[in-house]
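The structure under discussion appears below in the form of structure tokens.
Every number in this text was worked out from the coordinates using simple rules, so none of it is lab data. Because the structure is predicted, anything quoted here is derived from the model rather than measured. Glycine also receives a Cβ, built like all others from the backbone with ideal geometry; neighbour counts cover every protein chain displayed.
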Amino acid sequence: MQRLYKGDPLTPGEREELEDDLIAFCDRELDLLGNIRDLDVLYAGGSSPLWIEGLSQRIGEGGSVTAIDMDAERVDETQASIGEAGFVAPVLILAGDVFGLSFASGTFDLVYSSGLFHELDVKERTAEDALAALCSVARPGGRVATGDFVDSEEAVQLEDERLEAELRREAYASQPYGIGAPEGLVGLHNELLTNLRWQVFPPQRIRHLGKLVLAEDEPTELSSLPPATARRIRESLDAMRTRILGEGYTRPATVYIEGLVQSA
Ligand SMILES: C[S@@+](CC[C@H](N)C(=O)[O-])C[C@H]1O[C@@H](n2cnc3c(N)ncnc32)[C@H](O)[C@@H]1O
């Protein structure tokens with residue numbers, strides 16, 4: 001039986017180790033941006049306080065962070081959790097869709113996303129449309145940078161993400177872009193940016209993530225799906241749990257891509 005520590009499946013020591021690893025992963029990804037001091041930055045498709053704080057510290061008081069996430073609940077949670085906590089750079093966190101950005105063109109020095117592309121719903125619009133929207137709000141000569149998971153190494157998290165995508169397709173008729181080979185995202189960026197550079201980085205372990213996944217409740221969407229579909233997804237979830245017990249929650253590699261928006 002699972003023992004809970006004040007409702008948390010992790011012990012305080014495990015929680016600390018998990019948080020240390022999440023910070024290390026965030027630092028590794030944000031360090032790839034290099035010097036971002038004094039820049040006005042759009043953080044697209046994210047509202048995690050950890051990432052926003054990391055950006056704000058690197059930018060300093062001479063620039064700003066604007067974060068936009070279509071998950072209004074996450075945005076509210078982040079706004080509530082940061083409360084009065086002061087950031088170094090001014091921070092604005094907004095609920096919104098990257099396909100419908102309302103900023104004037106050329107507003108930002110840097111437009112950055114991490115983990116946005118694999119979650120994009122590309123049923124009605126394409127990933128190219130999303131990238132074009134991001135490029136349009138970067139100033140001419142400004143930078144667009146993307147980090148995301150790639151499938152170049154097999155990992156339990158890839159199976160988890162595939163199941164999540166299947167659930168979204170079945171329950172909401174959405175079509176997540178998903179996690180593919182690095183060349184897919186690189187090709188996309190190559191069409192719209194100049195001076196492109198990119199690199200794949202090895203998976204970075206996050207201790208105790210598997211324990212958290214194993215403690216998750218069954219997705220509520222399953223109960224509204226046709227029985228045969230729900231059964232298929234339940235079987236896949238069980239197979240993934242067995243895999244986690246055997247090999248842990250192994251993580252995917254990541255790709256980092258950046259390029260410049262052509263000057264007018
Ligand atoms: C894997 S999470 C990114 C985690 C990120 N590192 C953070 O700081 O939150 C992907 C995020 O993209 C957001 N997202 C997906 N599609 C979006 C869209 N069309 N417009 C804005 N945000 C979107 C989701 O709501 C989710 O918060």
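Residues that are hydrophobic (A, V, I, L, M, F, W, C) and buried (at least 20 other Cβ atoms within 10 Å of the Cβ): does the stretch 68-77 have at least one?
Within the stretch 68-77, one or more residues are hydrophobic (A, V, I, L, M, F, W, C) and buried (at least 20 other Cβ atoms within 10 Å of the Cβ).
Can you give me the ranges of the helices (runs of 4 or more DSSP H) entirely in the stretch 154-230 with at least 2 residues that are within 16 Å of THR254 (Cα to Cα) and of a type in the set (Asp, Glu)?
156-172
Those residues that are among the hydrophobic types (A, V, I, L, M, F, W, C) and within 15 Å of GLY141 (Cα to Cα), I need them from the stretch 104-119; list them, please.
PHE108, LEU110, VAL111
Kindly provide the set of residues from the stretch 241-252 that are among the aliphatic types (A, V, I, L, M) and crowded, with 18+ Cβ neighbours inside 10 Å, ordered by number.
The one that is among the aliphatic types (A, V, I, L, M) and crowded, with 18+ Cβ neighbours inside 10 Å: ILE244.
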